[in-house]
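Below is one structure, written out as C-alpha cells; comments come after it.
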Amino acid sequence: MSELFKSIITGLNEAIADTESTGIKLKRRTVTIVPIKHFTSGEIKKIRNMTGLSQRLFAGYIGVSDKTVEAWEAGTNHPSGVASRMLCMIETKPEIVSEFPFVR
C-alpha cells in the first residue's frame, strides 16, 4: 500500500469513528457563505473607477466582454455568479487588481 492510500484510509476511519461516537473527536468548523451581492449600475461604475481601469480593461480583468461591462453600467444587465463575486472582491480591496494583474 502506498503512503497516500494509508493516509486516506486512516482519515476515513477517523471520520467514521467520529460520526459513530457520542463525543466530538475531530475538530469542526462552521462555514457560512455570504449570499451573492446584487450591484447597481452606479456601484459597478464606482468599483471600476476605483481601479482606474477603462471599461475594456476592467472587462478583460473580470473575464467578460467590454459590452457586458457597458450594459452593467447602463443598468441594462446585471452581473451574476462569479462576476458578482469578483466585483465584491474588488470593491472590498481595489488594490487586488494590482496584486493580481491579469490585464497588461
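Any read-out appearing in this document is the output of simple, stated calculations on the displayed coordinates, not a laboratory observation. Keep in mind the model is a prediction, meaning the values are calculated, not measured. Glycine also receives a Cβ, built like all others from the backbone with ideal geometry; neighbour counts cover every protein chain displayed.
A few comments on the model shown:
- The range 44-104: chymotrypsin sites (Phe, Trp or Tyr not before Pro) in DSSP loop, at most 14 other beta carbons within 10 Å: Phe102
- All lysines inside 22 Å of Lys46 as judged from Cα atoms, apart from same-chain residues fewer than 8 positions distant: Lys37, Lys67, Lys93
- Proximal lysines relative to Lys25, as straight alpha-carbon distance under 21 Å, when same-chain residues fewer than 8 apart are discounted: Lys6
- Cleavage-rule hits (trypsin sites (Lys or Arg not before Pro)) in the range 30-91: DSSP loop, at most 15 neighbouring Cβ within 10 angstrom: Lys37
- Counting neighbouring beta carbons within 10 Å and listing from fewest to most, the residues Ser7, Ser65 come out as Ser7, Ser65.
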